[in-house]
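I have placed the structure first, in the form of structure tokens, so that the comments after it can refer back to it.
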């Protein structure tokens, strides 16, 4: 089966995503072919808004989690350009979702203890919820996402 090291290594790049986005990433990673199709489609769309991408992608025969990620092109790109890693995340999630969630909580705790999480002041609409200080993840190969904490992600739209 999978080792603790594999769980830690594969989940670290996404562990600090907001929970609603993390849920979409975990589900979408179980559809690697659709991720590739969605990324190719998203690139063809040019600079359209997240809302427009989501609306148009909803007409495709993709899993709702993949459709949701079309509104987050940086995340979609990360998954599509690292297919082996994305596939393994999906395999981890399918094989042992409880261990995936436990590992994510452990990684978040380590990040907090290391001082890599801060509390937003003022504009934080979620009552002091902690978010990542700068960039959310570092996928394999050192590519960084450009997502910033404090995303206004509405999973009910999905």
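The values are calculated or read from the model by the stated rules, or taken from the named source; none is laboratory data. Just so you know, these numbers come straight off a predicted model, no measurement behind them. Cβ coordinates were reconstructed from backbone atoms using ideal geometry, including for glycine residues, and neighbour counts include every protein chain displayed.
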Inset, instruction - From 14, 35, grab the single residue that is out of contact with any strand residue (DSSP E or B) (no Cβ under 9 Å at 6 or more places or on another chain), modelled with pLDDT of 95 or more, part of a loop (DSSP other than H, G, I, E, B) and under 25 Å from residue 97 (Cα atoms). - result: 14
Inset, instruction - Filter the stretch 4-35 down to the residues that are under 17 Å from residue 87 (Cβ atoms) and without any contact (Cβ under 8 Å) to a residue 24 or more places away in the chain, then identify the one that is surrounded by the most Cβ atoms within 10 Å (Cβ to Cβ). - result: 9
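Based on what the data block shows, is residue 48 more than 25 Å from residue 108 (Cβ to Cβ), touching a helix residue (DSSP H, G or I) at 6+ places or on another chain (Cβ under 9 Å) and not in a helix (DSSP H, G or I)?
Taking the combined requirement at face value, the residue satisfies it.
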Inset, instruction - Please enumerate the residues belonging to the stretch 17-26 that are in a helix (DSSP H, G or I) and under 18 Å from residue 109 (Cα atoms). - result: 19, 22
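Here is a list: 80, 111. Which entry is at pLDDT below 95 and either surrounded by 13 or more Cβ atoms within 10 Å (Cβ to Cβ) or assigned to a helix (DSSP H, G or I) (or both)? Spell out how you get there, then give the answer.
Numbers: 80 fails: at pLDDT below 95.
Result of the check over 80, 111: 111.
Of all residues in the stretch 58-76, count the ones that are buried (at least 19 other Cβ atoms within 10 Å of the Cβ) and either more than 18 Å from residue 45 (Cα to Cα) or in contact (Cβ under 8 Å) with a residue 24 or more places away in the chain (or both).
Of the residues in the stretch 58-76, the ones buried (at least 19 other Cβ atoms within 10 Å of the Cβ) are 62, 65-73, 75-76.
In the following step, the residues that additionally are either more than 18 Å from residue 45 (Cα to Cα) or in contact (Cβ under 8 Å) with a residue 24 or more places away in the chain (or both) were identified as 62, 65-70, 72-73, 75-76.
Within the stretch 58-76, residues that are buried (at least 19 other Cβ atoms within 10 Å of the Cβ) and either more than 18 Å from residue 45 (Cα to Cα) or in contact (Cβ under 8 Å) with a residue 24 or more places away in the chain (or both) number 11.
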Legend entry - Any chance residue 53 is part of a helix (DSSP H, G or I), under 11 Å from the mean Cα position of the chain (by Cα) and buried (at least 21 other Cβ atoms within 10 Å of the Cβ): no
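Determine which member of the set 104, 118 is outside any loop (DSSP other than H, G, I, E, B) and either modelled with pLDDT of 95 or more or under 14 Å from residue 9 (Cα atoms) (or both).
Working: 118 fails: either modelled with pLDDT of 95 or more or under 14 Å from residue 9 (Cα atoms) (or both).
It is 104.
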